[in-house]
Amino acid sequence: MYQALSEELLRFLDESPSTFHMIANIACLLEENGFQKLKESAIWNLAAGGKYYVARNDSSIIAFHLGEDLEEYTFQVAACHSDFPTFKLKEKPTLAVKDQYIRLNTEGYGGMICSTWFDRPLSVAGRVLVKYEDRMETRLVNLDRDLVMIPSVAIHMNRKVNEGYTFNKQIDLLPLFGGSGVMKEDLDQMISEELGVEADAIYGRDLYLYNRMSGTVWGARKEFISAQHLDDAQCAFATLQGFLKGCPRQSVNVYACFDNEEVGSQTKQGAGSTFLYDVLQRINSAAGKTPEDYYRAVAGSFMVSADNAHAVHPNHPEKTDEENCVFMNQGIVIKSHAGQKYTSDALSIALFRNVCEKAGVPVQYFANRSDEAGGSTLGNISSAKVSLNTVDVGLPQLAMHSAYETAGVKDTFYLVNAMEHFFGTRLKEEEGAYAWL
């Protein structure tokens with residue numbers, strides 16, 4: 001059971017070397033389950049019981065499943081993110097060193113653990129814009145082989161590397177692409193050959209490094225899973241599986257996977273954009289509802305913001321709160337923060353805990369140490385655009401923002417089950433009391 005789901009997750013990760021590939025894979029899974037693609041620039045004609053999805057920038061996606069009876073409807077929303085810390089190739093992506101080496105010219109995207117990117121096989125993936133006659137077409141590209149590596153400086157030349165060395169992204173973290181005889185233009189040639197076009201037909205690119213090390217299930221009882229960008233692909237995968245299994249009755253089920261969470265979400269396709277608001281408004285309008293119906297629906301709706309959480313580190317348990325700490329394979333994490341970096345409050349915690357209880361899924365509670373700043377996620381950012389009752393949850397993991405992260409095999413299963421139950425219910429409020437119907 002856990003093993004089969006973990007293998008499915010690892011395939012999803014292997015097939016998603018970039019944000020653009022992840023969204024394309026999510027779209028394929030949606031279409032395999034009967035979802036119809038919409039365009040933001042086209043008129044939406046929606047039918048009761050219909051399944052639809054729409055992408056923005058090829059890096060964010062929102063899918064929705066309409067209930068058959070929308071007389072008194074609400075939205076059931078799950079939100080996650082598609083991006084992860086990595087290195088982006090600059091527009092002029094190559095640098096020569098003494099006519100003997102060619103390096104890739106990159107800059108950091110998000111807050112990665114830099115040391116984990118050294119001395120491991122890497123490659124390049126993302127999207128390019130290709131000119132065909134008078135139009136530009138988006139093409140995904142993955143140079144699917146061990147292509148580059150970021151070599152460490154030998155300890156003989158950097159004696160203090162184990163004493164808290166600070167890495168310079170412009171100096172220390174540029175990957176080696178080729179040796180003598182390799183030309184600066186060879187990268188463009190490789191991309192053009194991969195796509196079957198001329199190099200001068202490539203007019204734009206969003207290309208990133210990714211870790212080539214395959215994911216694995218390991219541990220004394222095969223209880224752990226390790227791979228690249230489990231944060232937040234593990235939640236994106238699990239909430240999607242629950243969404244596909246859920247069956248709405250008097251609600252609109254919504255699955256949202258946003259780009260750019262790792263850099264603040266304030267982009268046209270991020271959680272801080274109008275993307276979710278636009279989609280929900282258009283659903284309401286296409287269903288023949290009034291603006292008043294929309295406000296009533298939102299007021300009774302609920303969002304699960306799913307982004308991975310910090311498990312207790314076996315070598316550093318002091319890094320987490322003594323009581324509000326979590327462990328891998330012990331259940332879904334409900335995250336709280338007094339300053340609302342996480343949106344969970346008494347109401348949303350109680351309601352989501354009730355969902356998990358009905359689904360037979362264990363829950364844990366996380367809060368940061370009071371003397372250390374913690375992370376944040378997209379829940380509070382999204383709520384500034386569409387104000388929903390929201391709980392921030394996640395799955396416990398180690399080495400967050402490493403090039404190779406670790407989580408528990410059981411927790412993926414727990415989130416799938418909880419979200420399947422969530423997407424099979426709707427929230428009802430009567431005289432200050434709440435119930436899942």
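Figures for the structure shown
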{"item": "Flag if Tyr53 is crowded, with 19+ Cβ neighbours inside 10 Å, at pLDDT below 95 and in contact with a helix residue (DSSP H, G or I) (Cβ under 7 Å, 6 or more places away or on another chain)", "result": "no"}
{"item": "Residue under evaluation Phe75, criteria (1) under 25 Å from Gly204 (Cβ atoms); (2) of a type outside the set (Val, Ile, Thr); (3) in a strand (DSSP E or B), criterion not met", "result": "(1)"}
{"item": "Qualifying positions in the range 20-41 - assigned to a helix (DSSP H, G or I) and either open to solvent by 20 Å² or more (accessible area, probe 1.4 Å) or of a type in the set (Gly, Ala, Ser) (or both)", "result": "His21, Ala24, Asn25, Ala27, Cys28, Leu29, Glu31, Glu32"}
{"item": "Among (1) closer than 25 Å to Phe237 by Cβ; (2) at pLDDT 95 or above, the one test that Ala346 misses", "result": "(1)"}
{"item": "Only listed residue being assigned to a loop (DSSP other than H, G, I, E, B), among the basic types (Lys, Arg) and either at pLDDT below 95 or crowded, with 17+ Cβ neighbours inside 10 Å (or both), chosen from Lys222, Lys184", "result": "Lys184"}
{"item": "Residue match in the range 2-14 (condition: surrounded by 14 or more Cβ atoms within 10 Å (Cβ to Cβ), at pLDDT 95 or above and in a strand (DSSP E or B))", "result": "no"}
{"item": "Residue among Asn158, Asn162 that is farther than 30 Å from Asn57 by Cβ and surrounded by 12 or more Cβ atoms within 10 Å (Cβ to Cβ)", "result": "Asn158"}
{"item": "Any chance Ala233 is over 25 Å from Asp69 (Cβ atoms), touching a Gly at 6+ places or on another chain (Cβ under 6 Å), of a type in the set (A, V, I, L, M, F, W, C) and open to solvent by less than 10 Å² (accessible area, probe 1.4 Å)", "result": "no"}
{"item": "Per-region count, the range 236-282, residues assigned to a helix (DSSP H, G or I) and of a type outside the set (A, V, I, L, M)", "result": "13"}
{"item": "Subset tally (residues that are assigned to a strand (DSSP E or B) and either of a type in the set (D, E, K, R) or open to solvent by 10 Å² or more (accessible area, probe 1.4 Å) (or both)) for the range 283-312", "result": "1"}
{"item": "Enumerated strands (runs of 3 or more DSSP E) restricted to the range 372-437, each holding at least 1 residues that are open to solvent by 40 Å² or more (accessible area, probe 1.4 Å) and either modelled with pLDDT of 95 or more or of a type in the set (D, E, K, R) (or both)", "result": "427-430"}
{"item": "Options Gln250, Gln234; residue that is of a type outside the set (Phe, Trp, Tyr) and at pLDDT 95 or above", "result": "Gln234"}
{"item": "Filter pass, Ile113 being out of contact with any strand residue (DSSP E or B) (no Cβ under 7 Å at 6 or more places or on another chain), closer than 30 Å to Gly394 by Cβ, open to solvent by 30 Å² or more (accessible area, probe 1.4 Å) and not aromatic (Phe, Trp, Tyr)", "result": "yes"}
{"item": "Criterion (without any contact (Cβ under 8 Å) to a residue 40 or more places away in the chain, out of contact with any helix residue (DSSP H, G or I) (no Cβ under 6 Å at 6 or more places or on another chain), of a type in the set (S, T, N, Q) and open to solvent by 30 Å² or more (accessible area, probe 1.4 Å)) met by exactly one of Asn354, Asn315", "result": "Asn315"}
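Conditions (1) over 30 Å from Leu437 (Cβ atoms); (2) among the aliphatic types (A, V, I, L, M), marked per residue:
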| position | (1), (2) |
| --- | --- |
| Asn284 | no, no |
| Tyr294 | no, no |
| Ser301 | no, no |
| Ser305 | no, no |
| Asn315 | yes, no |
| Asn329 | yes, no |
| Val333 | no, yes |
| Ser336 | no, no |
| Lys341 | yes, no |
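The values are calculated or read from the model by the stated rules, or taken from the named source; none is laboratory data. All of these numbers come straight from a predicted model, not from anything done at the bench. Backbone-built Cβ (ideal geometry, glycine too); neighbour counts: all protein chains shown. Ligands, DNA and RNA are stripped out before the accessible areas are found, and what is left, the full protein with its side chains, is counted by its heavy atoms. Shrake-Rupley method; radii C 1.70, N 1.55, O 1.52, S 1.80 Å.
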